[in-house]
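Asker: If you scroll down you'll find the structure; I have some questions about it.
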Amino acid sequence: MPLYSPGAPPVVRPPVGTVVTAVTIIVDPSGREWPLDGTNGMWRTPGRKGFHAPSYTHYRDESPAVDGAFWRGVRATVRELFIPIVIIGDTRADLLAARRSLIAAISPKRGECTIVSRQPDNTYRSIDARYVSGMEGEEGKGPWGVLLMTYGLTFVADDPYLYGPSVPLAWGSADVSRTELPIPGADGFYEVVSASRILGDSTVDNLGDVDAYPLWTFSGPFTEIQLTNTSSGKSLTLTHTAATTSDTITIDTRPGRTSVVDQAGTNRWSALSGGYSLWPLLPGRNNLAIEVTGSTEDTRASMTYKPRYESD
């Protein structure tokens, strides 16, 4: 049968003088990137949805004797992402190879994909989501199904927020040049606190729109760790002896991934004191107190977090 010339792909082309749109990249569960910018014959077409504000569910109580309702709370729901694409092949074999490869790569049975929205200034935000539907296929007349195929890919993200790059932070006692550290007290005078009990009071700016959950790592020596977010009033205390710099404790506060493990991967959840809170960083400025009992100049603390955003 004769082959048809597909012509120019229907890519997004904003009017002259406007800002170029974001490039969408699908990263499959194996880590392979699928840029929808013409690479490998795949383009994103107009009509992308779900990359701006999340959807919300509001909770209300109603009374049979009172008009209206009482608002109780709100939460962001799972996010549905819609990405229309066109795949173009120079030959029928090229088209078959491209669509078969993409279908296999994004299968939800293989895990979550990462959808990346990269802006013209090379900043980006990403979201993890599973493929749901869209590549079932509907072949039409002419070149459609021979050299071209259009699809509307639908993904669902359980976590409705988009993430920015990781922000690393670190603290240590090596920069303390004296055995006693002056700390301003509530009365305006200076109190003397042993350097073996504190790594520092710090201010951390959460760059995102909503709470961000940090991943902490401490390397010894130490016998107790107390982490307090004085901006939210929440804290946690962990009692555990780390005798050397090779001994570590990692505290993961991310929802769905929470854990407390040592350098051998042993569960140390029981080391947390009662009433603990695996607290997040609030949007904006957070005042933190990081107190470590039994620390030396070799003791180290580090924290990484990914800011979360409501839109790409």
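The values are calculated or read from the model by the stated rules, or taken from the named source; none is laboratory data. Remember, predicted model here, so these are calculated numbers, not experimental data. For neighbour counting, all protein chains shown are included, and Cβ atoms are generated from backbone atoms with ideal geometry for every residue, glycine included. With ligands, DNA and RNA removed, areas are computed over all heavy atoms of the protein, side chains included. Shrake-Rupley method; radii C 1.70, N 1.55, O 1.52, S 1.80 Å.
Asker: Which whole-angstrom value gives the distance between the alpha carbon centres of region 223-289 and region 50-95?
Answerer: The distance from the Cα centre of region 223-289 to that of region 50-95 comes to 33 Å.
Asker: Still on this structure: Quick check: net charge around Gln119, other residues with Cβ under 15 Å of its Cβ, Lys/Arg +1 and Asp/Glu -1?
Answerer: +1
Asker: Return the loop-located GluC sites (Glu not before Pro) in region 29-87 (DSSP other than H, G, I, E, B) with at most 13 other Cβ atoms within 10 Å of their own Cβ; answer none if there are none.
Answerer: Those satisfying the criteria are Glu62.
Asker: Do any trypsin sites (Lys or Arg not before Pro) in region 250-312 lie in a DSSP loop with no more than 12 other beta carbon atoms within 10 Å, and if so, which?
Answerer: Passing sites in region 250-312 are Arg257.
Asker: Report Val260's accessible area, 1.4 Å probe, all protein chains in place, as a number in Å² to the nearest 10.
Answerer: Here the residue's solvent-accessible area equals roughly 0 Å².
Asker: Now for a separate question. Which of rounded, prolate, oblate describes region 75-131, given a ≥ b ≥ c as roots of the alpha-carbon gyration tensor eigenvalues and a/c under 1.5 marking rounded, otherwise prolate only if a/b is larger than b/c?
Answerer: Note, shape of region 75-131 comes out oblate.
Asker: Rounded to the nearest 0.05, what FRET efficiency do Ser63 and Ser277 give with R0 = 35 Å and r taken as the Cβ-Cβ distance? Could you check?
Answerer: Efficiency for this residue pair is about 0.55.
Asker: OK, next. How many nm separate the modelled label positions at Thr123 and Val74, each set 7 Å beyond the Cα in the direction of the Cβ?
Answerer: 2.4
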